[in-house]
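*Asks:* Before I ask anything, let me first share the structure, which is written out below as structure tokens.
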Amino acid sequence: IGLLLIKTIEKQTSIDHLTGVKNREAFIREVDEKLRLHRSSSYRPPNYSYAFIMIDIDHFKTHNDLYGHMHGDHCLRLTASVLKSCVGKAGSVYRFGGDEFLVLLNITDYDSVRDIAENIKQHFNLDESEDITDSGLTVTLSQGYAICRTDADSRKDILISKADKALY
């Protein structure tokens, strides 16, 4: 019973309750585990790499200030839903903080990563994003992606910063 309780608590603390996607703490745990596995002698795939997409909702503070926090919450839920749909089984979506999301992909070839990023962009270029409020306010995103090769000295903060720099 103790192990089951621990697993249940761990799962509950890994989910962002507003959006239903994994949270930053889950991301950190999962990347730490991937790096640990990569460094172990029993698991060392050649040229192992990660692909990250860092996503930021444009003008999110304006959404909250003009239309209220309920609208902002709806905007975050919509964004998470679209991201999960676009990413599918190719990776995991995390709410990284505030209005920022991070996608960790299982695929690392440039064309596939670019295709997923373009798919996300296309979903938010559609007029469907205007449906989140009667105001007709459109939700747009900024995103940056990076493919990072790991080695014995890889650190998650350096890997994440590459995607973050690409965002800006």
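*Asks:* Using only the Cα atoms of the stretch 72-129, construct the convex hull and provide its projected area averaged over every direction, in square nanometres to one decimal.
*Replies:* 3.9
*Asks:* To continue, here is another question. What is the calculated FRET efficiency for D58 to E33, with r their C-beta to C-beta distance and R₀ = 30 Å, to the nearest 0.05?
*Replies:* It comes to 0.40.
*Asks:* Something else now. Just list whichever of K34/K121; K89/K165; K61/K162; K61/K84; K84/K121 have alpha carbons separated by over 21 Å in the model shown.
*Replies:* K34/K121; K89/K165; K61/K162; K61/K84
Every read-out reported here was derived from the displayed coordinates using simple, explicitly stated rules and does not represent laboratory data. Note that the structure is a prediction, hence the values are computed from the model and not measured. We place every Cβ from the backbone using ideal geometry, glycine too, and count neighbours over all the protein chains shown.
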